[in-house]
1. Which residue is surrounded by the fewest Cβ atoms within 10 Å (Cβ to Cβ), if the candidates are limited to the stretch 201-220 and must be among the acidic types (D, E) and under 18 Å from C139 (Cβ atoms)?
2. Take the residues of the stretch 89-106 that are in contact (Cβ under 8 Å) with a residue 24 or more places away in the chain and of a type in the set (A, V, I, L, M): which is farthest from L51 (Cα to Cα)?
3. Select from the stretch 111-129 the residues that are in a strand (DSSP E or B) and free of Cβ contacts under 8 Å to residues at least 60 places away in the same chain and write down the one among them that is surrounded by the fewest Cβ atoms within 10 Å (Cβ to Cβ).
4. Would you mind stating whether E144 is crowded, with 17+ Cβ neighbours inside 10 Å and without any contact (Cβ under 8 Å) to a residue 60 or more places away in the chain?
5. Restricting to the stretch 91-108, count the residues that are within 24 Å of G185 (Cβ to Cβ) and either at pLDDT 95 or above or surrounded by fewer than 16 Cβ atoms within 10 Å (Cβ to Cβ) (or both).
6. Residues that are within 19 Å of C139 (Cβ to Cβ), within 17 Å of the chain's Cα centre (by Cα) and hydrophobic (A, V, I, L, M, F, W, C): does the stretch 59-70 have at least one?
7. State the number of residues belonging to the stretch 19-53 that are under 18 Å from G216 (Cβ atoms) and of a type outside the set (S, T, N, Q).
Amino acid sequence: MTHRAEHPAATHHDPVEELLPDLYWVHGSVEFRPGRFLSRNMAIVRRGRELSLINAVRLSAEGERQLTALGEIKNVVRIGNFHGMDDRYYVDSHGARFWCLPGRQARPEPTPDELLAGDNMPFDGARLHVFSRARFPECAMILEQDGGVLLTADSLQYWADWSNCSPGMSEGAKQMGFALTMLVGPPWLRGATPEGGSLEGDFRALLDNEFDHMLGAHGGFFRGGARRAVAAAVAVAFS
């Protein structure tokens with residue numbers, strides 16, 4: 001008889017909140033070291049009564065009630081190689097279909113039901129941007145609404161504050177290259193860049209898309225003017 005490994009427990013998170021029509025988020029947290037927490041976000045895209053979770057975060061019982069009040073959890077979408085610890089929870093408990101990019105994933109479970117591609121997306125009204133030069137699978141999604149909404153994992157992050165991080169986290173974050181601004185994720189960029197290569201072309205190609213808002217897997221929601229902020233962050237990262 002096969003026994004499934006236990007799902008990671010829910011950690012502190014804020015309530016489910018609407019950002020734009022049919023786009024919600026949960027500003028949560030992850031214990032990345034014993035007793036040390038970092039903010040972590042889940043994007044929720046609704047189409048009719050079907051929900052797609054991007055950068056899935058397991059919620060408390062009350063949080064899950066708020067989530068399922070919006071609709072039925074149909075898709076779990078992994079866009080970042082270092083995210084996915086809660087994907088299997090939603091697949092196992094809600095029967096959601098799991099989507100990710102082709103290639104070796106840091107977390108091999110669950111087995112994908114579908115592979116993300118420009119012509120194979122979990123919901124309509126979205127485009128895919130793949131960081132094709134990265135050493136591991138990573139992509140972004142652009143929702144075609146409200147001037148465009150960029151969804152990322154670790155590649156681009158907007159830090160408005162240190163909410164849902166452990167006290168004193170700001171000092172450690174600064175040592176790793178983080179700041180309260182829009183930025184290309186410093187540890188992610190170091191790990192994703194091939195030896196002797198550059199990801200600048202991937203980021204320049206991303207800027208060929210129009211988007212006005214942005215939500216990453218860490219930090220906060222950038223409302224209005226996101227493309228300009230991303231362009232500035234890319235210029236800093238590759239200067």
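The values are calculated or read from the model by the stated rules, or taken from the named source; none is laboratory data. Because the structure is a prediction, the values reported are computed rather than measured. Because the Cβ atoms are built from the backbone with ideal geometry, glycine has one as well, and the counts that use them run over all protein chains shown.
1. First pass over the stretch 201-220, keeping only residues among the acidic types (D, E): 202, 208, 210, 212.
From the residues that got through so far, the ones that are under 18 Å from C139 (Cβ atoms) too are 202, 208, 210.
Numbers: D202: 20, D208: 7, E210: 11.
Only one residue tops the list, namely D208.
2. Within the stretch 89-106, the match that is farthest from L51 (Cα to Cα) is A106.
3. As a first pass, look at the stretch 111-129 and keep what is in a strand (DSSP E or B): 114-115, 117, 120, 126-129.
Then drop every residue that is not free of Cβ contacts under 8 Å to residues at least 60 places away in the same chain, which leaves 114-115, 117, 120, 128.
Values: E114: 14, L115: 12, A117: 13, N120: 10, L128: 16.
Applying the filter and picking the extreme gives N120.
4. Values: crowded, with 17+ Cβ neighbours inside 10 Å: no; without any contact (Cβ under 8 Å) to a residue 60 or more places away in the chain: yes.
No; evaluated as a whole, the condition is false for this residue.
5. In the first step, residues of the stretch 91-108 are kept if they are within 24 Å of G185 (Cβ to Cβ); the result is 98-108.
Subsequent filtering for residues that are either at pLDDT 95 or above or surrounded by fewer than 16 Cβ atoms within 10 Å (Cβ to Cβ) (or both) retains 98-104, 106-108.
Summing the residues that are within 24 Å of G185 (Cβ to Cβ) and either at pLDDT 95 or above or surrounded by fewer than 16 Cβ atoms within 10 Å (Cβ to Cβ) (or both) in the stretch 91-108 gives 10.
6. First, pick out the residues of the stretch 59-70 that are within 19 Å of C139 (Cβ to Cβ): none.
There is no residue in the stretch 59-70 that is within 19 Å of C139 (Cβ to Cβ), within 17 Å of the chain's Cα centre (by Cα) and hydrophobic (A, V, I, L, M, F, W, C).
7. Initially, the stretch 19-53 is screened for residues under 18 Å from G216 (Cβ atoms), giving 19-20, 23-30, 32, 37-45, 52-53.
Narrowing the set further to residues that are of a type outside the set (S, T, N, Q) leaves 19-20, 23-28, 30, 32, 37-38, 40, 42-45, 53.
Within the stretch 19-53, residues that are under 18 Å from G216 (Cβ atoms) and of a type outside the set (S, T, N, Q) number 18.
Residue by residue, here is whether (1) among the polar types (S, T, N, Q); (2) in contact with a Phe, Trp or Tyr (Cβ under 9 Å, 6 or more places away or on another chain); (3) surrounded by fewer than 21 Cβ atoms within 10 Å (Cβ to Cβ) holds:
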position	(1), (2), (3)
G168	no, no, yes
L183	no, yes, no
P186	no, yes, yes
A229	no, yes, yes
